[in-house]
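Heads up, the thing below is written out as structure tokens.
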Amino acid sequence: MNQKYSVFINKKINRFNKTVKIPGDKSCSIRALLFASQCCGISEIKNLLKSEDVLNCLKALRKLGVKIIKKNDLYKVYGNGLSSFKVAGSKAKKIFVGNSGTTARILCGLLSTNPGKFYLYGDRSMNKRDMSRVITPLEKVGANFYPKGKKTLPITIEGTSMPLAQNHVEKIGSAQVKSSLLASFLNTPGKNTVIEKKSSRNHTEILLKKIFADISIKKSNNENIISIFGQKNLHAFNYTVGSDPSSAAFLVTAALLSSKSKIIIHNCLLNKTRLGFYKVLKEKAGADIKIKNLRKSSNSGEIVGTVIAKSSFLKAFSCPKKIIPSLIDELPILFVIAGLTKGTSKFVQINEVTKKESNRIEEMRKILIQAGIKCKSTKDTMTIFGKNNIKTSNKSILVKTHGDHRICLSACIFSLVTGIKTKIKNFETVNTSFPGFISIIRSLGGKIEII
């Protein structure tokens, strides 16, 4: 983690009309690195997100013996095939995953069928997050985890040389859990299946198709049935990472809530499993958001396009429960929008958001209450009684983020569009997902003081 620092904001952002470049998508960057390590040959990745989470993933792979070379904006990953991570004899190899749940969980899947012992640990925030959701199914594949019964990092995983084919029913709606299992299945003989009851991000499936994994995807009775025939060689690939739509959401929000403002974002990843934020705001809140130039990228297999957002008079909205998995990372900034939109906005079946770097329901409730916005919350719901006029003269906000980058970013945008004096501690955590955020905000005319 970079040196700790706080930021202070006490001035409303002026109107702006800008085209900005958003860094690469974090989910796709991490997956591209991890799966390239299992391919035969040299994979080339462009526009990789250079955030702490992604760089910690890269360092973890190097620690496991994967050669990775960077030249300008190009990363070359020298894959040696399935189950090719190097082990350290009888002693467990120590692997640091930083703050990245994606790296931790998908890497567990890859290590589960790689004979050897590996000690995984993260930063203070990551070490509190639930890993049992991948430990339990991976134990059925044949991996062992020590100490027995432990549900969080640090933990030792011992991969098996005789993995057992599985049929797993995934009820959580977690792309990380699904991807962990699919990673494990790549080196498991026979037919392995994930029956997905709740749809989640499908970046892993798209990438596995691209590298010619023996994967099939069928829909039946609102379920996704994803099957892999394992132990088939994977082909090295070229990949260009699209701009992160979750990071873009914060700047889109700034444009929507700032008078006479407009923002344009090109080459944005617009996978249908990531469009919930934009869909809810357009269809339920009346936001002036346009999505143009949609096309399938030949270098990633993902849909990319242009997002254009303008100042909007928004109305209160409710989030349909079926759309929650496609906007889980954007819920904190949606809470900001709800808080600044007159009327009652409701969010239900959102418990998954409490499993992230912090309990995001509680942390955002604290912020909104400090601004005088009434909220009611449970472990699974959030009701916000929004206002479109907030008196700022006698208000100030202190944000203690507990190492959660999306709480930091949401609080920052909230302060910039209202002008409420705000101090945000541990703002360096933003570098886990959105390096360069402060520079972009300053280019829009926003004032952020680094303390």
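Taken together, the values in this text are just the output of simple stated rules run on the coordinates, not laboratory data. Everything numeric here is computed off the predicted structure, so don't read it as measured data. Because the Cβ atoms are built from the backbone with ideal geometry, glycine has one as well, and the counts that use them run over all protein chains shown.
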Which of 134, 85, 9, positive extreme of dipole for region 1-150 (C-beta unit charges):
9
Is the shape of region 26-240 rounded, prolate or oblate, going by the alpha carbon gyration tensor and its root eigenvalues a ≥ b ≥ c, with a/c under 1.5 for rounded and a/b larger than b/c for prolate?
rounded
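With viscosity set to 0.692 mPa s at 37 °C, what whole-number translational diffusion coefficient in µm²/s follows for region 57-120 from Stokes-Einstein and a Kirkwood radius over Cα pairs? Spell out each step's value before the answer.
On the way: Rh = 12.5 Å.
The diffusion coefficient I find is 263 µm²/s.
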For the pairs 128/272; 26/400; 171/355; 260/292; 4/376; 67/296, flag any whose C-alpha to C-alpha distance is greater than 26 Å.
128/272; 4/376; 67/296
May I ask you to order 331-343, 252-264 by the average number of other C-beta atoms within 10 Å around their residues, highest value first?
331-343, 252-264
Charge-dipole axis of region 26-240 as Lys and Arg at +1 and Asp and Glu at -1 on Cβ define it, positive-most pick from 172, 203, 54:
54
If each DSSP helix of 4+ residues adds -39,500 (n - 2.57) and the sum is divided by the residues in the chain, what number results at 222 nm, nearest 500 deg cm²/dmol?
-8500 deg cm²/dmol
Tabulate in residue order the Karplus-calculated ³J(HN,Hα) for region 151-161, using 6.51 cos²θ - 1.76 cosθ + 1.60 with θ = phi - 60°, rounded to whole Hz; enter x for Gly and Pro.
10, 10, 6, x, 8, 9, 10, 10, x, 9, 9
With an 8 Å Cα cut-off and a minimum separation of 6 or more residues, compute the relative contact order for region 1-67 in percent.
35
Which value, in debye to the nearest 20, describes the size of the charge dipole of region 26-240 about its Cα centre when Lys and Arg Cβ atoms bear +1, Asp and Glu Cβ atoms bear -1, and nothing else is charged?
420
Options (i) 106, 43, 43; (ii) 65, 47, 44; (iii) 88, 66, 43 - which one matches Cα extents along the principal axes in Å as calculated here:
(ii)
Dipole-positive endmost among 368, 335, 29 within the chain (Cβ charges, Cα centre)
368
Would you mind working out the magnitude of the charge dipole of region 1-120 relative to its Cα centre, with +1 at each Lys and Arg C-beta and -1 at each Asp and Glu C-beta, to the nearest 20 Debye?
380
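If you place +1 on the Cβ of every Lys and Arg, -1 on the Cβ of every Asp and Glu, and leave all else neutral, what size is the dipole of the chain about its Cα centre, to the nearest 20 Debye? Working shown, then result.
Working: 77 positive and 28 negative charges, 210 e Å.
Charge dipole of the chain: 1000 debye, to the nearest 20.
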